[in-house]
Each structure stands twice: as C-alpha cells, then as structure tokens.
2 protein chains.
Amino acid sequence: MSVTRRQFLARVGQAGGYSAAVVAMQGLGLFPTYAEASIGAPEVAAGHGKGVKVVVLGGGIAGLVAAYELRARGYEVTLLEARSRPGGRNWSVRRGDKIEFLDGTVQHCTWDEGHYQNFGPARLPSVHKLMLGYAKTFGVELQVEVNTTRSSFLQNDNANGGKPVVQRQAINDTRGHVSELLSKSILGGSLDQEFTGQDKQRMLDFLRLYGPLDDAGKYAGSDRAGYDVMPGAGEQTGSLTKPLDMHTLLDAEFWNGLLYEETFDWQATMFQPVGGMDRIPYAFAKSLGSIIKYESPVTEMRRTSKGVRIGYKHKGVEEHLEADYCICAMPLTQLKKIPNDLSAPTQKIIGESVYGDAYKIAWESRRFWEQDYNIYGGLEFVNVGCSPVWFPSDKFFSERGVFVSGYTEEHMTPLAKMTLEQKFAESRKTIERLHPGKGKELEKPLYVNWGKIPFNEGSWIDTYGAGQERNASAVSQGSARASARPIGSNQANYEELLQQDGPFFLSGDHMSHIVGWQEGAAESSHRVVGMLDNVVKHARLATATRNVNA
Amino acid sequence: MSVTRRQFLARVGQAGGYSAAVVAMQGLGLFPTYAEASIGAPEVAAGHGKGVKVVVLGGGIAGLVAAYELRARGYEVTLLEARSRPGGRNWSVRRGDKIEFLDGTVQHCTWDEGHYQNFGPARLPSVHKLMLGYAKTFGVELQVEVNTTRSSFLQNDNANGGKPVVQRQAINDTRGHVSELLSKSILGGSLDQEFTGQDKQRMLDFLRLYGPLDDAGKYAGSDRAGYDVMPGAGEQTGSLTKPLDMHTLLDAEFWNGLLYEETFDWQATMFQPVGGMDRIPYAFAKSLGSIIKYESPVTEMRRTSKGVRIGYKHKGVEEHLEADYCICAMPLTQLKKIPNDLSAPTQKIIGESVYGDAYKIAWESRRFWEQDYNIYGGLEFVNVGCSPVWFPSDKFFSERGVFVSGYTEEHMTPLAKMTLEQKFAESRKTIERLHPGKGKELEKPLYVNWGKIPFNEGSWIDTYGAGQERNASAVSQGSARASARPIGSNQANYEELLQQDGPFFLSGDHMSHIVGWQEGAAESSHRVVGMLDNVVKHARLATATRNVNA
C-alpha cells in the first residue's frame, strides 16, 4: 500500500465521515461486527411503574427522555441536573449567555438579538425518528437544515494553486473523469470478462449519462459543474466552466469533503428547530416540570438494601434522595469522578474510558456567503486550518448571521497548542482561504470545546477503556462527528456497561451505536426504560409467587 | 450504437435534465454553440424615461418585471393583462379556485384550507439572483424547497422485479460498482498509459473512498446506501442493506432519475415562497397598483406615426391606448392570434413556433411519504406511468398535504389519449408502484395542462419555427422542465425575434436561454428595458442634435 492503514482510515473518515470509517474498519477487521439484537421499550400498561421510585442523573437528552418515558409509565421520577438549564451538550448560545471553562476562562455572547449557535448537536436527520417524534409531540417547529449545497467551496493549499473550487465542480468533474477512464478501459476490452450479453454496451451507454461523456467517450465538462458565464437573456448562451484536470482532483487528497453528503446520517433531508436546538430540551423540561431538580450536581451514588441512595449538592447544601432504581445518564467523564457503588469491572472500564474534545468556533458577520457567493447553508472544507465551515440554515436572506469556522476534535490539530486569540486568528484565516477578502468581516468570535466545559469534559466517547488506540480517524478534519460506536477492540467492555448493575442502569449516546447524536441518547433511554420495565415485572411476579407460597 | 441517437438523447434528458441534454446535443453537433453576448440593463438616471409612454402586454413575470423596471426609470407604463390575476403561468391553486380549460372542462379546488399547488413554476434555484432579489425586495418570505432527498424512491417495471429502490441505494451502489470496475481495470494495468508518477496509486486510493471499496477493491456495500436494520442502542449494531448487483442497476435504463439533482438549476439550495409561488406576482402587482389593467385581453397591435396603438377588450367593450413603445411579454401562442404590425419575418416565425404542453396532476392525502417512509420533499421517478412524483416542502410533519404525481409534456405520453378520469387513475397507479397500498389514500385530484389553459395554450416554447424536429427529449419522462433554449436548428429565427421590431420588443422566458424558468423571463425583461433605454437615449441625442442644428 502506498498509504498506511492509518492514513487510509483517516482519509475514509475525511471523505465519508465516521460511518464510512466504521464500515471500512469492519472491512479491515478492525471493528468487530456482531449479531444485531434489538431491545426496544416493550409496551406496558400506563400504570406499570406505579409505586416504583426512579432517580435519573443528568438532564441531557438521555436523561430527559428517560424521565419522560418513565413518568408516562407511572414511575415516580426525579431528575437531578447539575446546571440551571436542561439539555447537556444540546446547548444554543445567544446574546447574554456566558461560556465558562474549567480553567476559569469566560466568554460573553454579544451577538445581535435573534442569532444563536448550537454548540452541541445542530442537525436532525430525517431517519432519526425518535427525536423528530418528540419534536412533533411537543410542537417544536422544525425547518430544513441545509447540509449540502452545490455552491459551497472546497480548498486545499496543495492543489489547484490553493484556489478554492466550488463543490458542484469538484463533485461533477470527478465523476466525469472516473466515467471517462472506465469507458476507455471498457472500450479497450480489458473488462470483457466482467460483462455478459448486452451489459458491456449498456455500461458504455450508462457512462455517457453518468459522466456525462461525449460520443468519443470524453468528459468535456457539463452544466452540472457550473458556468463561468451564466445562461441569460437574448444572446447570452452561457459559458461552461472548464473542467479541472484529473491530476488536480487527485492531487494532495483533494477529495476531502467530496462525499460527506452521502454518509447515512448526513443525507438530505435534515432538520433543525426554529430558533435553536435547545427548543427540544426546553420542551421536555416544560413537560417534566418539578420532576427536574436543577443546580443539583451528584456527589455520591450508593446501593442500599432497597435500592439506591443518591447524594447531591443543592445551593451549597448536601442533600440526598432514595429510590428503587437509578438511571445514570451522565457522561462517563463525570461518573468516573463520583464516589459510587457500581461493580468493580464497571468502575474500571468507566475510569479508563476516554472522551473526545470536539470544538466549534462561531462568528457573526455580514452574510457574505449568501450575498457574494449564492451559498445558502451547507459545509465547506479546507485541508489546513479550521474545518469544516458551516453556514446557517436560518434567517436566509437577512443581513447578518452566525456561522461556524472550525468543528472537529481539537487534540489532533495545531489548535490544541494555541491561545484563544490564536485559535480565532486561525479560524479567520480559514475563511480567507475559502473566500479571500472576507476574513476581515468576521466579528465577535466564540469558542466552545466540550473538553473544557464543566459537567461535560468531553464531546463524545472515543474509547471504552484501555488497550486501544484512540479512535482518531473518527473525528479527523472534515468529519467532526461520530455516528457509530467507537468500541474498537473493547467490545467486551461496551457489553459490560450495557448490563444492569444492581439498581443502576447506564444511558446516553455512549450506550448506543449512534454516538454523538441525540438519537443515540434517546434510543439508549428507550432501551433502559424497557429493561427497567422487565425488572419491575419480574420483581412483581416474584412477589406474587412468594405471597402465594406463603 | 446499441441505442439510437434519439434514445440516447432521451436518456440524457431523463438522467441529467434538459441542460444535460443540451450539453450532450452540443457535443453531437445538434445544438450550435455560439459566442456569448451579454445585454444587461444599463445604469440610467432615475428619471431617464420621463415623458416616454410604454405599454406592456401580459402580466406574467416578464411583464411584471418590465413594468416595475420601467416605472423605476420614470417611464409612463401601462400593463394589460387578460386575466383578473397577475402571474401568468405562475399560478398557485387553492381551495375555492377554478381550473377552466379551452374546451370548457371545469375543475374546482376543494383542498383543505392552507394547501396549495404551484401548477406553474415551483422552484427558485439559488443561482437565480434576479428572482431571489425581487422576493427580497418585496419581503416575500422564502423557505427551502427540498428538491433532493436520499429517502425517496425510483421504480422501474423492468428492473429489480418492479420493486422500488430507495435513491440512497441506487445512487451509492451505482458509484460503488463503477469504482470497483475502474479499480479492477487499473490493477490489471490496462490504463497505465493514463497515469504519470504516483497518480495511478492515488487513483486507486481515491476509488477506495469513492466507492467505497474494501482492501480487495470490492464494493461490498456502505452505510451511504442505507440499512435494513438501523443502528440503535445497546447491541443493535445495524445491518447494511445488501448492494443491488450491477446488472440490476444497468437493466432497463434503471438510472432514470439518478442524477437529476446535479443538473445546474436543480442543484441545492433551492427555495420557494411560503404559501405559494404566486406570492411573488402578487407582490409585484401590489407595488404596481393601477399600472396593471386586468381583464383586458389585447385585440390588436398597430404601429402609428408616433409609436403604437394597442386595442383591447375590457368588460366586453373595445378600448385602445397609444404609447411610444410596446413590450410584448405574452406567450407566442397568444401573439400569433392577435392582428399585429410586426414585420413579416417575425410574424412568420411566431406563427410557426410550437409550444410544449406540460401538465401536473396534484392530489391531497395523508402525508404517507413522511409518516411511513421518512421522505421529506424531493422527487421520485418511475419508468412507466406519471413521472416524476414531487412531494411538498411546506408544512412538514403536519397531517395532510398536496403533492404531484406526474409532471411532463403530455403529448409524448399515453396520458394524451386518456380521459380526465383515466389520467387520474394512471397517476394514482404511479403511487401504487412506488408505495404499494398508498394509492387508495389519494383524494381530490386536480389536473392542469398548460396547453389547455386560455391565455397560455402552452407551457414553454419547444421550437422557434418550422423545419425542426420537435424537441421531445427536452421534456421527456423524468425531466419535465426546460432550462436552456430549444433553438435547435432555428438559431436565425431566435435571433430575428431578439431584435427590436420598430416600436415593438418581445420579452419572456422564450427570449432567453433559461426557458421555462421565471429567471429567464426576468432576465429577458431586463434586457429589453436596457434596449429601450438605449433607444430613448439615442432619440434624445438625435433630438438635441437636431435642435442644435436648427
């Protein structure tokens, strides 16, 4: 191989996103594939949980969903949340909000009224039915999140003289060259053994459309790749953009970002709540009312003869509550710091788990991307600097907006060693690479790194314990996301965490194969609520049997 | 060739849309390419047109834009419109509206309040800057029009046993097979002469991402193509959909609809006005006020010593008005019926021009596409029946909606020989092919064929005169649209119509290279207003010179 396995996987991650990397790794035998098993929340009677007390720890999506579903079944639920707001990583920052890091750094948001940035999750794929279902249930208004637009750019310092290329051209010229090469090869007879009957001719016909190719089998450009001069009125025929040559497209991994739209959970159609992703947790919170106790960070998690005893601090005062069961929906970064009575193997795995440190840098500026480039929403990628850039899908055609320049795990980038001001300069430079002259229009930057945020200290799980190379490719440049479970060689550890541990159940996106997505958190809580239902059912049966035997 | 040239062009049209067909035809030498020339509306002083009277004929987008721009320059403008509404083909039908055909057929719209169908234009590409600009100027609220979604279907009676295939699978399995074939060919050494230096290895690395391929160079499926079992919580890893084999994808022109999203003016991001496309003409009309005379069909267009004399009928009474110039923004189907003093060559071309007869059939029903298939917006294609199907981009997640099943030129389809009830049955059958069991949920169908609508009698121009095969491929199944000018061999005719004809100027999308789009109409009117500005300027200079000389 001319590239190492690691480079290859990094590139898969870049081009196809995390899921593509997982599929590739499964192909390489690096990710075990194992038999699927679905644990849905079984149908139970409305009052099934009556008389059973459950405490839920953590008011992110997993905790909110667990509390909501438990209440619907009649359980007596209390949810302890460390912060004064619901949502966890689902956090939309607006004017007047404060960003505080563990090290004491504070940033204040002074963006115009009505602007916001979802520093956590910001997309709802149309295949994430639980989250869309909750939004519908609560009447949270959704709008299209434009994840892909053909007008946005790719840029690579080492290709095309560093000049940015519009995605419609990169995507369509690439297909054109691939089709031309294959057509040439088929015409030369080298693939005759691959075809039977009329398939060879059909493939040639197909490639003419797919490229598209001319009658000579050449890719000579296409309106798909865009125009230098647009078609217009009268004599203005329009002038097609000259194709980029194959060497340029191949050079220096130019395909970074080329296929991100095809990754399963990045595919159109995607949605976002109007006004910010936090409209969803606030809707849960409104519904749950006094079930949620805010500003109540957990201090200990103990087993008792009857169930659990959870200590927490409320306004400086140590308090505690007792319950029959506990669903812990906190990140493992927090759980590992809390004295607890989880089993020794579970504690060890949690203690050795490692979380990612994804960051986003967001700016306010004139909507130069819309006004000067016809870019409405969508992502852009660079090979050096802060990537991707992500333009907003709200308030199209208005004067100013907030957008992201830089979203990935930080520890693997040069940003990790920079001061805050240096990070902002690097982020601004990315815009200058993609849109020369526009960098100076950027104002009021804000930076969130989930590794630095109290009560999170991580963006999503990277590994489930020691003995595994940190899953770097998952979150490399151009694919700052996780969409499947980074279990790596730690399948056994993951399975250990999935088990009921006495009165304790773990929930969260880290307990799913949809890591880094709200849907994973929601699915995980459906799962543990179902497990709890079963436990309660069997306990009732046992009690009934005992009574009969007595 | 195993396919005839005509079949090939039809397929190009199917797969790539009209623009792709034009590019292909240019490649075949069937469409002449000629030097571009831009005639923009030059900057003039605000009062440039003072004292100059212009009559505009037709209140579609071309006429409205012409009147709006002329008034802005100080011209005295009158616009004559045959109907009682503005917009022409830009027509949104709602509850209470009546559809009347030339033959007396009448349909009444009884859809639920708030539903509508844009029977004319229904999309605003983000590259159509004039139309987006007017929408912004008038404060017409726009929302994303989802033209592409990976969850929608393709269906072909002759392939895959007639079973529909989700687009994410057709698109991604196709790329996978193409990449595998090319990789195999390169590994076999048959393309060595195409590569220099490291490019061969780079191409192989690239194809592994592009396919994606496994280390053996095989396409073995991908999350891009979707899952049979979704990844979920706990043990639910998810199970990838088995790839369709290459033969199935090749069979029976299965690629119909595969690349429609890449056609230049169908590329994301696209928009639509909230509440109906007619929000735009109504905004123009509100701004123009009494400049528009409704219910005033033109009866004659005469030259006078000073300019023009236009006869029209208002509430049954013959009336007329005089002006210095006339911009005729009616379809040529109407102009050819009106006695006029256009030059003989122009009259001949107009008389021989042929228009298309695009239709749409729209239904109201439960949003089965969203609720049962996670399809939000987007298009679907069938090879037999009414195609494409087009789901709405408004009111996502609500209970019921209005969508299109069938949109193409009708004269080339079996529909042309059917009764209205038979057409509806055929349209319903299309839904049954794509979504078995759902056909019976469709209610309250409406059918509009622009060839049957008074004051239009055509959807868009197909040819500019005799001696040319009618441009059938442009509007074949699966690409019911026109996005470039169907001049065919009639370049000279088109150029003739572009010229000022004494006091007359022709405007409309048919006077542009963006036929069938509002942008073409708007661009065309910018062009003729610019021509008129020049004429007026030169007339003034001549007068001034005469006065000096006198």
Residue pairs, from the table B:Lys293/B:Lys336; B:Lys313/B:Lys337; A:Lys360/A:Lys417, whose Cα atoms sit over 25 Å apart: none
Charges on Cβ only, +1 for Lys and Arg, -1 for Asp and Glu, centred on the Cα centroid of the range A:93-230; of A:Asn147, A:Ser126, A:Gln107, which one is farthest towards the dipole's positive end? A:Ser126
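Applying 1/(1 + (r/R0)^6) with R0 = 41 Å to the Cβ-Cβ distance of A:Asn158 and A:Lys129, what FRET efficiency is obtained, to the nearest 0.05?
After rounding to 0.05, the efficiency reads 0.45.
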Checking rank on B:189-198, B:454-463, B:297-306, with mean other Cβ inside 10 Å and highest first, the result is B:454-463, B:297-306, B:189-198
Going highest first, how would you order A:380-392, B:330-342, A:222-234 by mean Cβ packing within 10 Å? A:380-392, A:222-234, B:330-342
Using only the alpha-carbon atoms, how far is helix B:199-210 inclined from the longest principal axis of chain B? Give it as 0 to 90 degrees, nearest 10. 90 degrees
Rounded to the nearest 0.05, what FRET efficiency do B:Glu295 and B:Phe138 have when you use their Cβ-Cβ distance and R0 = 30 Å? 0.80
Residues whose built amide H sits under 5 Å from the amide H of A:Gly49, excluding neighbours closer than 5 in sequence, are A:Gly74, A:Tyr75
Furthest towards positive pole of dipole, B:Pro231, B:Gln201, B:Leu258, structure part the range B:164-264, Cβ charges: B:Gln201
Unit charges on C-beta of K, R, D, E only; dipole of the range A:208-357, Debye: 1100 debye
Would you kindly work out, in nm and rounded to one decimal, the distances from the label point of B:Thr299 to those of the same position in each other copy, ordered shortest first, with label points 7 Å along Cα-to-Cβ? 9.5
Once the in-chain neighbours fewer than 8 apart are removed, the lysines whose Cα is under 18 Å from A:Lys286 read A:Lys136
Give the accessible surface of the range B:203-253 per residue, rounded to a whole number of Å², with probe radius 1.4 Å and ligands, DNA and RNA excluded. 32 Å²
Once the label point is set 7 Å along the Cα-to-beta-carbon vector, what list of distances in nm do you get between B:Lys313 and its counterparts in the other copies? 8.8
Sum up the charges of everything whose Cβ sits under 11 Å from the Cβ of A:Ala522, counting Lys and Arg as +1 and Asp and Glu as -1, but leave A:Ala522 out. -2
If you count, for every residue in A:184-192, the Cβ atoms of partner chains within 10 Å of its Cβ, what is the mean? 4
So for the protein assembly as shown, Kirkwood radius off the Cα pairs, Stokes-Einstein at 4 °C and 1.567 mPa s: how many µm² s⁻¹? 41 µm²/s
In a shell of Cβ-Cβ distance under 13 Å around B:Thr105, excluding B:Thr105 itself, what net charge do Lys and Arg (+1) and Asp and Glu (-1) give? 0
Suppose every K and R has +1 on its Cβ and every D and E has -1 on its Cβ; what is the size of the dipole of the protein assembly as shown about the Cα centre, in Debye to the nearest 20? 1760 debye
Loop-located trypsin sites (Lys or Arg not before Pro) in the range A:41-106, at most 12 other Cβ atoms within 10 Å (DSSP): A:Lys50
Chain B: calculated mean residue ellipticity at 222 nm from DSSP helix runs of at least 4, using -39500 (n - 2.57): -9500 deg cm²/dmol
Per-q log10 I(q)/I(0), the range B:330-390, q = 0.14 Å⁻¹ (Debye; single scatterer per alpha-carbon; no solvent): -0.62
Nearest 0.05, what FRET efficiency do B:Arg366 and B:Arg303 give at R0 = 45 Å with Cβ-Cβ as r? 0.20
Net charge around A:Phe284, counting only other residues with Cβ within less than 13 Å of its Cβ (Lys, Arg = +1; Asp, Glu = -1)? +1
Pull out a ≥ b ≥ c, the square roots of the eigenvalues of the alpha-carbon gyration tensor of the range A:167-255, then state rounded if a/c is under 1.5, prolate if not and a/b is larger than b/c, and oblate in the remaining case. oblate
Charge dipole of the range B:328-470 about the Cα centre (unit charges at C-beta), most positive-ward option of B:Gln334, B:Ser427, B:Thr346: B:Ser427
A:Ala466 versus B:His247: modelled label distance in nm, points set 7 Å from Cα along the beta carbon direction: 5.5 nm
Compare the peptides A:269-279, B:513-523 by average per-residue count of other Cβ atoms within 10 angstrom and give them in order, highest first. B:513-523, A:269-279
For peptide A:207-217, how many partner chain Cβ atoms fall within 10 Å of a residue's Cβ, on average? 5
Taking each residue in B:145-154, count the Cβ atoms of any other chain within 10 Å of its Cβ, then average. What number comes out? 4
Against the globular-protein guess of 2.2 N^0.38 Å, express the Cα radius of gyration of chain A as a ratio, rounded to two decimals. 1.07
About its Cα centre, chain A carries a charge dipole, from +1 on Lys and Arg Cβ atoms and -1 on Asp and Glu Cβ atoms, whose size in debye to the nearest 20 is 1300 debye
Accessible area of the range B:167-247 belonging to carbon and sulfur atoms, whole % at 1.4 Å probe: 50 percent
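The values are calculated or read from the model by the stated rules, or taken from the named source; none is laboratory data. Quantities reported herein were computed from a predicted structural model and do not represent experimental measurements. As a convention, Cβ positions derive from the backbone with ideal geometry for all residues, glycine included, and neighbour counts pool all protein chains shown. Accessible surface areas use protein heavy atoms only, side chains included; no ligands, DNA or RNA. Shrake-Rupley method; radii C 1.70, N 1.55, O 1.52, S 1.80 Å.
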